[in-house]
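Values in this text are rule-based calculations from the coordinates and carry no lab data. Because the structure is predicted, anything quoted here is derived from the model rather than measured. Neighbour counts run over all protein chains shown; Cβ positions are idealised from the backbone, glycine included.
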Amino acid sequence: MRLRRTVQAVLTACATLAASAGLVAAGTSSAQAATPLPSRVFAPYFESWTGQSPAQLAAQSGAKHLTMAFLQAATKGSCTPYWNGDTSKPVSSSTFGADIATIRANGGDVIPSFGGYTADNTGTELADSCTDVNQIAAAFENVITTYDVSRIDLDIEDNSLTNSGGIDRRNKAIKLVQDWAATKGRTIQFSYTLPTTPSGLADSGLAVLRNAVSNNARIDVVNMMTFDYYDNATHDMAADTQTSAQGLYNQLAKLYPSKTPAQLWGSIGIIEMIGVDDFGPAETFTLANANTVYNWAVAKGINTLSFWALQRDNGGCPGTAGNDNCSGITQNTWDFSHIFAPFTSGSTVNNDFSVSVSPNSATVAAGSSTSATVATAVTAGSAQSVNLTVSGAPAGVTATVTPGSVTAGNSATLNISTISGVTPGSYPITVTGSAASGSHTGTFTLNVTGTQPGNDFSVAVNPNSGTVAVGSSTSCLFFKSDA
């Protein structure tokens with residue numbers, strides 16, 4: 001199974017190794033303990049190599065928390081992580097420090113993520129690159145104190161999943177950092193982000209967790225990358241997310257038999273790839289999928305909901321697979337973020353829809369016809385079946401809607417016909433959409449013009465002729481009748 005993360009990291013050949021003593025000093029410096037993350041958090045990935053401001057995109061999208069991708073060594077063999085392996089972006093307050101402060105001021109936070117597909121395939125993932133467990137731990141500690149974070153994510157894919165030395169060093173370093181944090185009065189979480197199958201982690205991912213258990217390294221959250229299955233099958237991505245998570249739950253229950261069901265679900269995270277993933281259209285995560293996954297995630301009480309990546313949350317490249325800048329489907333900018341954002345507070349999204357009529361009025365002569373489009377749209381949750389009915393048509397006017405039932409998001413046609421004798425006037429005609437979530441209406445105003453019956457008459461004379469002698473007379477009757 002090929003698992004690919006489209007990360008365009010900048011690798012710089014001229015890296016400078018930081019002195020071990022300097023890293024340890026930075027990592028063990030004293031700082032106030034970071035605020036823990038919420039027990040449920042939506043934290044999409046931010047592609048940090050783009051030059052964009054994470055604080056600005058967080059504000060625009062409504063995603064208060066971000067997973068910052070990625071930290072890695074600049075060259076294989078180095079023990080110093082940089083953002084995207086770029087030596088011009090060191091771990092320091094000058095790199096993203098101001099943005100992170102703004103994000104926190106707006107009620108959010110960040111999760112620095114080590115690794116990623118590029119690092120895992122170039123030997124620059126920190127524990128693959130560095131053979132000194134103490135220096136790996138010091139690098140983690142430096143990130144924690146520099147940015148005052150409460151969680152570090154470790155994105156382990158492809159070659160890093162088979163590097164047994166790196167796996168063991170990484171987990172030993174986690175244990176060292178957890179012991180260090182305890183002495184500093186800090187609570188620090190570690191999450192693993194791992195590729196998955198539709199039925200749970202592959203054995204290579206499980207091996208990472210087994211090694212963590214053997215090293216007494218506490219893993220607080222296991223994030224599953226529920227995409228890029230590469231099995232040449234057509235997938236319902238929402239359904240596969242749920243079966244994959246259930247598989248992980250069963251696997252974690254064996255690894256951690258003392259945990260309760262709530263604790264197990266509370267240690268699971270989901271990472272979607274919105275729109276068309278790297279494999280192609282057969283693995284497309286839709287907006288409807290997002291609503292389904294959202295409500296399932298709330299109901300199960302999972303810990304983290306995320307997606308790759310914030311910069312992809314727009315419809316700028318319909319039909320394109322695995323683009324870092326757009327989702328590959330038709331959507332509005334930030335549609336996925338808006339669906340997932342309430343997860344941090346844990347509220348359930350209820351299905352809802354709207355009804356509108358366009359044009360919303362027309363003027364016709366008595367005896368004529370007209371039509372309009374009845375549009376429905378999903379305003380919350382998932383699309384549902386909507387029954388359409390019409391009311392308010394006066395005598396002499398027939399109004400129908402075809403078809404009489406649509407799935408929210410689709411349209412129907414309002415057809416109106418009048419007879420010649422209809423009374424002129426203005427008539428509001430109401431289209432009502434009814435669904436399981438309730439009813440909504442749209443109004444169409446029909447203006448009828450013409451001569452109103454009863455306001456005209458005719459005159460007849462009977463008989464209409466006569467013959468009389470000179471000096472005689474005759475008579476006739478005048479008849480008035482309505483026209």
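Listed highest first by mean packing, meaning other Cβ atoms within 10 Å per residue, what order do 401-408, 269-276 come in?
By packing density, highest mean first, the sequence is 269-276, 401-408.
Relative contact order, percent, of region 352-449 when contacts are C-alpha pairs under 8 Å separated by at least 6 residues?
Computed value for region 352-449: 37 percent relative contact order.
Quote the relative contact order of region 272-323 in percent (integer), defining contacts as alpha-carbon pairs under 8 Å separated by 6+ residues.
Relative contact order comes out at 55 percent.
Out of residues 5 or more away from LEU305 or on other chains, whose amide H comes under 5 Å of its own, with H placed 1.01 Å from N in the peptide plane?
Excluding prolines and chain starts, which carry no amide H, the hits are VAL41, PHE42, ALA43, ILE270.
What residues of region 250-290 lie in the reach of a label at ASN106, counting those whose backbone N is under 13 Å from a point 7 Å from the Cα along Cα→Cβ?
none
Please give, to one decimal in nm, the separation of the simple spin-label points placed at THR260 and ALA436, each 7 Å out from Cα toward the Cβ.
3.0 nm
Please compute the modelled spin-label separation between TRP296 and SER345, points set 7 Å along Cα→Cβ, answer in nm with one decimal.
Result: 2.5 nm between the two label points.
Check ARG151: other-chain or 5+ apart residues with amide H under 5 Å from its amide H, H built from backbone geometry?
Here the answer is GLN189, since their amide H atoms fall under 5 Å of that of ARG151.
What net charge is computed for the residues neighbouring ALA341, neighbours being all others with C-beta under 15 Å from the C-beta of ALA341, Lys and Arg scored +1, Asp and Glu -1?
-2
Given axes a ≥ b ≥ c from the Cα gyration tensor, I'd like to know whether region 65-129 is rounded (a/c under 1.5), prolate (a/b larger than b/c) or oblate.
Note, shape of region 65-129 comes out prolate.
As a footprinting exposure proxy, order HIS338, HIS440 by other Cβ within 10 Å, with the fewest listed first.
Fewest to most other Cβ atoms nearby, the residues stand as HIS338, HIS440.
Work out how much length ASN447 to ASP231 would gain on full extension: take 0.36 nm times their residue separation and subtract the Cα-Cα distance, in nm to one decimal.
Stretched out fully, the ASN447 to ASP231 stretch lengthens by 71.8 nm.
Answer rounded, prolate or oblate for region 352-449, using the Cα gyration tensor with square roots of eigenvalues a ≥ b ≥ c: rounded when a/c is under 1.5, else prolate when a/b is larger than b/c, else oblate.
Since a/c reaches 1.5 and a/b is larger than b/c, the shape of region 352-449 is classed as prolate.
Contact order normalised by length for region 20-345, with contacts defined as Cα pairs under 8 Å and 6 or more residues apart; what percent is it?
18 percent.
Report, by chain and number, residues whose modeled amide H sits under 5 Å from the one on LEU71, excluding near sequence neighbours (fewer than 5 apart, same chain).
It is ASN84, SER113, PHE114, GLY115, by chain and number.
Report the local net charge at CYS326: Lys and Arg +1, Asp and Glu -1, summed over other residues whose C-beta lies under 11 Å from its C-beta.
Counting the neighbours of CYS326, the net charge comes to -1.
Could you please report the charge total around SER267, scoring K, R as +1 and D, E as -1 over all other residues with beta-carbon less than 9 angstrom from its beta-carbon?
Around SER267, the charge tally is 0.
Sticking with the crude label model, points 7 Å out along Cα→Cβ, report the distance from SER426 to ASN159 in nm, one decimal please.
7.4 nm
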